[in-house]
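Quick notes on the structure that follows.
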There are 2 protein chains.
Amino acid sequence: MKYIEKLRNSGLRPTKQRLQICEVLFDADKTFHFTINELEKKIKKQINSKISLATVYNTIHAFEKKGYLKQIPINSNQTYFDTNVSDHHHFYDLNDEKLIDLENCDVGPINILKKINGKKIKSVEVLVKLED
Amino acid sequence: MKYIEKLRNSGLRPTKQRLQICEVLFDADKTFHFTINELEKKIKKQINSKISLATVYNTIHAFEKKGYLKQIPINSNQTYFDTNVSDHHHFYDLNDEKLIDLENCDVGPINILKKINGKKIKSVEVLVKLED
DNA sequence: TAACTACTTTATAATGATTCTAAAAAAGTG
DNA sequence: CACTTTTTTAGAATCATTATAAAGTAGTTA
């Protein structure tokens with residue numbers, strides 16, 4: 001299993017559940033966006049075993065902390081995550097309530113001219129809202 | 001009352017509660033960011049009467065729909081609003097969990113090169129996360 | 001002013017995402 | 001294996017937000 005090392009290296013024990021979640025998240029052809037609920041359904045369908053909802057939450061948060069997932073800053077009742085952890089941005093289609101990736105190269109360089117004392121920039125994320 | 005017209009013009013009846021909320025939101029020296037909870041406290045302190053939580057929610061959503069408030073896209077357990085409805089952006093201080101305005105002129109021009117068929121851009125919002 | 005309609009407020013209940021709990025299970029270690 | 005630490009789990013708890021439905025208010029027309 002290719003994920004055993006990955007987990008061990010980040011100080012997470014490679015449990016059955018975590019490895020299964022890795023498969024669902026990182027064996028996909030393309031990166032994708034998901035909510036915990038959507039992910040739970042996906043797991044149920046793809047892997048033929050049930051993982052407790054609490055475990056899904058725990059795992060996703062652990063993975064996010066380790067940088068294997070990104071949270072997408074958007075106002076929704078549910079939290080959106082992205083398996084694409086490269087530096088990139090998002091369209092949000094207000095009508096269809098769908099997220100679309102917007103690669104860094106599709107947005108000109110962003111220059112933050114204002115500086116805040118004693119703070120450094122961790123990330124710069126652009127959300128482009130779309131309507132019909 | 002200067003807000004009576006404003007409300008009437010947008011098809012909202014100028015009720016006592018709405019006018020009081022207008023005062024708290026728009027009579028402040030500076031624009032500010034708030035959650036519904038923070039706003040409720042502010043109302044209680046500033047106006048000497050209680051407005052039902054449901055009314056605060058209704059009013060804030062009505063004002064947002066009319067463009068008198070903006071929702072700030074950020075992942076938090078609570079929704080953040082901004083009385084600054086000009087086209088602008090935000091810093092989010094991860095350590096202090098605080099929002100800071102980032103005016104449009106403090107960010108170089110943003111060019112969205114990718115187009116989505118049949119959709120038009122409604123807004124472009126930048127969130128700059130800060131850490132110590 | 002009265003009568004009427006449509007909208008608004010309110011307290012409270014319901015919802016639903018997320019977190020907490022504490023006991024059982026699994027992983028790591030010697 | 002014996003032992004410690006971490007993880008999983010079901011279910012309960014929390015907490016922001018939304019729904020409900022009854023009472024109140026605004027606007028309108030006469």
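No lab work stands behind these numbers, since they all come straight from the coordinates. These numbers were taken from a predicted model, which means no experiment stands behind them. All Cβ positions, even for glycine, are placed from backbone atoms using ideal geometry, and neighbour counts span all protein chains on display.
Data overview
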{"quantity": "Cα long-axis angle, helix A:53-66 against chain A (0 to 90 degrees, to the nearest 10)", "calculated": "50 degrees"}
{"quantity": "Degrees separating the helix A:36-46 axis from the principal Cα axis of chain A, which is the longest one", "calculated": "40 degrees"}
{"quantity": "Position B:Lys41, label points 7 Å along Cα→Cβ, spacing to each other copy in nm (shortest first, one decimal)", "calculated": "3.8"}
{"quantity": "Crossing angle, helix A:16-26 versus chain A [Cα axis fit, 0-90 degrees, rounded to tens]", "calculated": "40 degrees"}
{"quantity": "In segment A:59-112, the GluC sites (Glu not before Pro) that fall in loop regions by DSSP, at most 14 other Cβ within 10 Å", "calculated": "A:Glu97"}
{"quantity": "Shielding by partners - mean other protein chain Cβ count within 10 Å, residues of B:106-119", "calculated": "6"}
{"quantity": "Test item: Cα-centred dipole of segment A:86-130, Lys/Arg +1 and Asp/Glu -1 on Cβ, debye", "calculated": "600 debye"}
{"quantity": "Total charge dipole magnitude, the protein assembly as shown, about the Cα centre, Cβ charges on Lys, Arg, Asp, Glu only, Debye to nearest 20", "calculated": "760 debye"}
{"quantity": "Calculated label separations, B:Asp27, copies of the chain, 7 Å along the beta-carbon direction, nm", "calculated": "6.3"}
{"quantity": "Exceeding the 28 Å Cα-Cα cut-off - candidates B:Lys16/B:Lys66; A:Lys44/B:Lys115; A:Lys119/B:Lys41; A:Lys6/A:Lys129", "calculated": "A:Lys44/B:Lys115; A:Lys119/B:Lys41; A:Lys6/A:Lys129"}
{"quantity": "Links that overshoot a 21 Å alpha carbon limit, given the list B:Lys65/B:Lys122; A:Lys122/B:Lys120; A:Lys120/B:Lys98", "calculated": "A:Lys122/B:Lys120"}
